[in-house]
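A quick write-up on the structure given underneath.
The values are calculated or read from the model by the stated rules, or taken from the named source; none is laboratory data. All values reported here derive from a predicted model rather than from experimental measurement. Here the Cβ positions follow ideal geometry from the backbone for every residue, glycine too, while neighbour counts run over all protein chains shown.
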């Protein structure tokens, strides 16, 4: 995929892997603990698809009108677009672990949901250009720039609120659907750019690259919310 940016795994990469491992371990331990405490007719599993990726959920009934859902989702997409007048190939690696509480205020499947999304999503950037390209206030050749790449990272914990329809424990049948519509506050993406050309270590070039990075940061600062739309097919034990 042309939008994928391959990087050497250094200390930062190792630390990222450690954080991801810790988050996954916490998720698994929480799910296992709830599952062990759950009584018959209080536990369900579900397959989920939507804007948080493809994955699954563990659903636990904790009160007569409230359920807890622990989920995991993944999606990889290759996209292309333009930011701050530079064309990029984007590689989206979306990895999320939503933890939500569903409250059923009425005697029907309508629910109000709140919780958090543990967000390990990253977006890789690969600049697309030929000949020359303006970085900051100066025009550089392809040899001087080399490979222009970068990434967008997000807040690791995103508050979530939404509404939906469906209850894994609302009817006698053991399977059915749950639909959700909501929003997660992911915060503004953090932008980082780098280059590998002959001027990569040049102070003037680095200053222009920093200005380009700041311009891009200004363009993406408004994207603080992520829409959540999903459908789950559940099976109740």
Exactly one of (1) over 22 Å from the mean Cα position of the chain (by Cα); (2) surrounded by 15 or more Cβ atoms within 10 Å (Cβ to Cβ); (3) within 21 Å of residue 61 (Cα to Cα) is unmet by residue 106. Its number?
-> (2)
Residue list for the stretch 40-52, restricted to those being surrounded by fewer than 22 Cβ atoms within 10 Å (Cβ to Cβ) and within 20 Å of the chain's Cα centre (by Cα) | 47, 49, 50, 51
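Restricting to the stretch 149-201, and then to whatever is in a loop (DSSP other than H, G, I, E, B) and in contact with a helix residue (DSSP H, G or I) (Cβ under 6 Å, 6 or more places away or on another chain), can you tell me which residue is nearest to residue 214 (Cα to Cα)? Working first, answer last.
First, pick out the residues of the stretch 149-201 that are in a loop (DSSP other than H, G, I, E, B): 154-156, 166-174, 186-189, 196-201.
If we keep only those that are in contact with a helix residue (DSSP H, G or I) (Cβ under 6 Å, 6 or more places away or on another chain) as well, we get 189, 197-199.
Values: 189: 12, 197: 20, 198: 22, 199: 19 Å.
Here the residue is 189.
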Single condition residue 174 does not satisfy, out of (1) at pLDDT 90 or above; (2) in contact with a strand residue (DSSP E or B) (Cβ under 7 Å, 6 or more places away or on another chain); (3) more than 25 Å from residue 79 (Cβ to Cβ) | (1)
